[in-house]
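Engineer: Quick one: this structure, given as structure tokens, is what I'll be asking you about.
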Amino acid sequence: MNGSPDPKRRAYWLKTLHKWHWISSAVCLLAMLLFAFTGITLNHASQIEAKPRVVNQTGTLPAELMRELAAGPAHDSGKANAVLPEALRQWGEDRLSARLGQQEAEWSPQEVYLSLPRPGGDAWLRIDRDSGAFEVESTDRGWVSYLNDLHKGRHTGVAWSWFIDLFAFACLVFCITGLFILKLHAPKRPSTWPIVGLGLVVPVVLAMVFIH
């Protein structure tokens with residue numbers, strides 16, 4: 001026996017690795033482009049000028065909704081967190097064009113305060129429990145901020161969090177299968193491991209020397 005690898009076995013593994021490599025690359029291609037682009041925008045966040053657009057609305061609740069405020073928690077003392085009553089929530093989404101969802105608001109004896117953070121901006125709703133006066137403020141920081149928040153998973157919800165996990169897994173498959181493909185091709189490509197080593201050494205040196 002000369003110790004050389006079995007050509008059929010090598011061909012099988014090369015074919016299998018290539019299959020998983022291209023499948024994982026197809027799955028994560030668009031997200032990889034998004035995360036690479038937002039990696040640049042996040043790295044230069046201070047140089048990218050953002051002009052937030054702030055919209056304010058004020059008014060008074062309809063009389064029939066005042067009963068919903070009176071029936072809410074923490075009307076006598078202290079504070080409590082609870083979702084808005086259905087009628088009040090529906091009115092807010094219709095009248096204010098805001099997605100209130102099922103997020104909990106902070107109820108105090110004086111007011112109800114609901115924070116509405118979202119990717120690329122935020123909003124809040126404040127309602128006076130005695131007079132029914134309300135104020136809504138919505139801030140939009142632009143599409144670059146929106147994409148940056150998607151990158152960070154900031155205020156994106158459970159579904160996007162799951163997507164990031166699946167995307168990260170696909171990236172791992174892509175990288176690991178690529179590494180094994182390099183290993184199979186390395187005997188005929190002498191520069192393979194020096195280039196791989198360079199890709200490892202450069203960030204380590206930069207981190208050790210230039211990051212304080």
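Engineer: Tell me the Rg and the Dmax, in Å, that the Cα atoms of the stretch 91-212 produce.
Structural biologist: Rg, Dmax (Cα atoms, Å): 24.6, 80.
Engineer: Picking from 92, 133, 62, whose Cα lies most toward the positive end of the charge dipole for the stretch 53-141 (charges on Cβ: Lys, Arg +1; Asp, Glu -1)?
Structural biologist: 92
Engineer: Oh, and also: For the stretch 53-141, what is the convex hull (Cα atoms) projected area averaged across all directions, in square nanometres?
Structural biologist: 5.3 nm²
Engineer: Cross-link candidates for residue 183: which lysines have Cα within less than 20 Å, leaving aside residues fewer than 8 places away along the same chain?
Structural biologist: Qualifying lysines at Cα under 20 Å: 8, 15, 19.
Engineer: Suppose R0 equals 45 Å. What FRET efficiency, 1/(1 + (r/R0)^6) with r the Cβ-Cβ distance, do residue 80 and residue 45 give to the nearest 0.05?
Structural biologist: Plugging the Cβ-Cβ distance into 1/(1 + (r/R0)^6) gives 0.75.
Engineer: Hey, got the dipole for the chain? About the Cα centre, +1 on K and R Cβ, -1 on D and E Cβ, debye to the nearest 20?
Structural biologist: Around 1980 debye, computed over the chain.
Engineer: Using the basic label-point model (7 angstrom from Cα toward the beta carbon), what is the residue 165 to residue 188 distance in nanometres?
Structural biologist: Taking the two extended label points, one gets 4.1 nm.
Engineer: Quote the convex hull volume per residue of the stretch 8-71, based on C-alpha atoms, as a whole number of Å³.
Structural biologist: Each residue corresponds to 239 Å³ of Cα convex hull volume.
Engineer: Enumerate the residues in the stretch 104-145 having an amide nitrogen under 17 Å from the point lying 7 Å beyond the Cα of residue 55 toward its Cβ.
Structural biologist: Inside the label zone: 116-126, 135-143.
Engineer: Work out which helices of the chain, taken as complete DSSP H runs, extend at least 20 Å along their axis over the Cα atoms and score a mean Kyte-Doolittle of 1.0 or more, then list them.
Structural biologist: 157-185, 192-210
Engineer: Please compute the contact order of the chain in relative form: average sequence separation of alpha-carbon pairs under 8 Å and at least six residues apart, divided by the residue count, as a percent.
Structural biologist: Relative contact order, the chain: 24 percent.
Engineer: What's the magnitude of the charge dipole for the stretch 85-156 around its Cα centre, counting Lys and Arg as +1 and Asp and Glu as -1 at the beta-carbon? Answer in Debye, nearest 20.
Structural biologist: The dipole magnitude comes to about 340 debye.
Engineer: Provide, in order from the shortest bin, the percent of all Cα-Cα pairs of the chain in each 5 Å bin, continuing until the bin that contains the maximum pair distance.
Structural biologist: 1, 6, 10, 11, 11, 10, 9, 8, 7, 6, 5, 5, 4, 3, 2, 1, 0, 0, 0
Bear in mind these aren't lab numbers, they're just calculated from the coordinates by the rules spelled out. As the structure is a prediction and not an experimental result, all values here were calculated from the model. With ideal geometry, Cβ positions are generated from the backbone for all residues, glycine too; neighbour counts draw on all protein chains shown.
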